[in-house]
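Peer 1: Take this structure first; my questions come after.
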Amino acid sequence: MASAPDSRTAPGRVLLVFLDGVGIGADDAAVNPFVAARLPRLRELLGGRLPVRGQLDGAGRIDAAGAVLVAADATLGVAGRPQSGTGQTALLTGINAPREFGRHFGSWVPTTLRPVLAAESLLARALRAGRSAAFANAHPIARFGIEVFVGRRPAAPPLAAHAVGLLTRDRDELRQGRAVASSITNERWRSDLRADVPDVSAAQAGRNLAGIAAEHAVTLYAHYDTDAAGHREDLAGAVAALERVDTFLGGVVDALPADALLVVASDHGNVEDVGGGHTLNPVPVIAVGRGRELLAERVRDLTHVTPALLDLLGIA
């Protein structure tokens with residue numbers, strides 16, 4: 001398939017959407033919610049296909065008119081099942097975190113890896129190069145304090161954001177559409193936190209994220225419900241989680257700036273095999289927009305994503 005002209009043009013900005021616990025599994029509707037769910041926007045992006053093993057080509061890819069999917073190795077040459085703490089650190093820094101730590105570790109970032117995450121994350125590298133960067137997630141910081149999110153068991157995305165002063169979006173930004181809840185819609189903010197925030201749809205949340213990305217050279221957003229759904233071992237819940245993500249990504253794509261590259265990536269497999277816990281499966285790295293082919297041809301495992309994004313932005 002011939003590449004569209006903008007697929008080989010370097011982007012002016014990048015948006016990295018991190019989905020926790022999403023791998024490429026078997027074509028089996030009994031265990032894989034990707035097969036059982038209705039995912040029209042993902043199918044549209046991938047030319048009618050889905051991120052399941054039997055629908056990849058011989059190179060482990062799906063090439064479509066507007067998107068490219070690459071199956072990326074999450075084991076990184078380290079024995080055992082990949083975990084969130086080391087997998088997220090590898091994704092956001094380009095460093096083989098499980099090898100550095102000596103094993104796969106999660107669900108939080110181990111203490112010894114936190115300095116390298118703080119210094120070498122995609123956000124940190126962009127800011128050091130003089131580029132603007134944003135962490136789009138909203139957190140109830142004013143109510144619970146910053147230590148709730150960067151305390152003893154932090155996930156890598158908010159920890160990386162806090163290290164460079166970007167963990168700042170709270171209820172006010174969520175009200176204004178200048179932040180996105182980690183669960184995509186604002187339902188939990190309204191029900192669990194009793195927060196006075198609008199009832200936003202998944203599609204509108206996606207459009208809001210694209211609006212944030214339009215203002216920065218690098219934007220990071222993190223979503224965790226996919227991994228949680230896999231751990232609950234509930235196919236119906238996993239289907240619902242993926243369908244929400246599908247609508248959300250459709251909203252992002254609809255409003256994506258013309259010069260932007262959207263990359264959707266994960267840290268390890270889980271939700272694609274409900275009932276099995278974390279898997280050894282590769283994870284999908286989906287590239288949409290300007291420079292998608294340039295990104296795809298550089299990615300073979302988790303450690304390649306951040307270096308490729310930095311290279312495409314001209315950051316040494």
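The values are calculated or read from the model by the stated rules, or taken from the named source; none is laboratory data. Since this is a predicted model, take the numbers as computed values, not measurements. Every residue, glycine as well, gets a Cβ built from its backbone with ideal geometry; the counts of neighbours run over all protein chains shown. Please note that ligands, DNA and RNA were not included when accessible areas were found on the heavy atoms of the full protein model with its side chains. Shrake-Rupley method; radii C 1.70, N 1.55, O 1.52, S 1.80 Å.
Peer 1: What pairs come up if the first residue lies in region 25-43 and is in contact (Cβ under 8 Å) with a residue 12 or more places away in the chain and outside any helix (DSSP H, G or I), the second is among the polar types (S, T, N, Q) and open to solvent by 60 Å² or more (accessible area, probe 1.4 Å), and their beta carbons are under 9 Å apart, counting only those six or more places apart or on different chains?
Peer 2: none
Peer 1: Okay, moving on. Conditions first: (1) modelled with pLDDT under 95; (2) open to solvent by less than 50 Å² (accessible area, probe 1.4 Å). Leu174 passes all but one, so which condition is the exception?
Peer 2: Here Leu174 clears every test but (1).
Peer 1: Name the residue, out of Ala124, Ala134, that is at pLDDT 95 or above and over 16 Å from the mean Cα position of the chain (by Cα).
Peer 2: Ala124
Peer 1: Please go through region 165-179 and pick out each residue that is in contact with a Lys or Arg (Cβ under 8 Å, 6 or more places away or on another chain) and in contact (Cβ under 8 Å) with a residue 40 or more places away in the chain.
Peer 2: Across region 165-179, the qualifying residue is only Ala179.
Peer 1: I need the full set of residues from region 203-234 which are open to solvent by 20 Å² or more (accessible area, probe 1.4 Å) and either at pLDDT below 95 or under 14 Å from the mean Cα position of the chain (by Cα) (or both), in order please.
Peer 2: The answer is Tyr224, Asp225, Ala228, His231, Arg232, Glu233, Asp234.
Peer 1: Among the residues of region 261-281, write down those that are under 18 Å from the mean Cα position of the chain (by Cα), more than 17 Å from Ser107 (Cα to Cα) and among the β-branched types (Val, Ile, Thr).
Peer 2: Result: Val263, Val264.
Peer 1: Search region 12-33 for residues being open to solvent by 10 Å² or more (accessible area, probe 1.4 Å) and touching a Pro at 6+ places or on another chain (Cβ under 9 Å), and hand back the single one that is nearest to Asn270 (Cα to Cα).
Peer 2: For region 12-33, the residue satisfying everything is Leu19.
Peer 1: Restrict the check to region 240-251 and report whether at least one residue is surrounded by fewer than 20 Cβ atoms within 10 Å (Cβ to Cβ) and farther than 22 Å from Ala205 by Cβ.
Peer 2: no
Peer 1: Something else: Identify all residues within region 291-302 that are open to solvent by less than 50 Å² (accessible area, probe 1.4 Å) and over 15 Å from Leu19 (Cβ atoms); write none if there are none.
Peer 2: If the condition is that a residue be open to solvent by less than 50 Å² (accessible area, probe 1.4 Å) and over 15 Å from Leu19 (Cβ atoms), then Gly291, Arg292, Glu293, Leu294, Leu295, Ala296, Val299, Asp301 are the ones that fit.
Peer 1: Could I ask something else about it? From the list Val305, Val288, exactly one residue is part of a helix (DSSP H, G or I), at pLDDT 95 or above and either open to solvent by less than 20 Å² (accessible area, probe 1.4 Å) or farther than 17 Å from Val14 by Cα (or both). Which is it? Can you show your working first?
Peer 2: Working: Val288 fails: part of a helix (DSSP H, G or I).
The unique qualifying residue is Val305.
Peer 1: Please go through region 46-56 and give me each residue that is touching a residue at least 24 places away in the same chain (Cβ under 8 Å) and touching a helix residue (DSSP H, G or I) at 6+ places or on another chain (Cβ under 7 Å), ordered by number.
Peer 2: Across region 46-56, the qualifying residues are Pro51, Val52.
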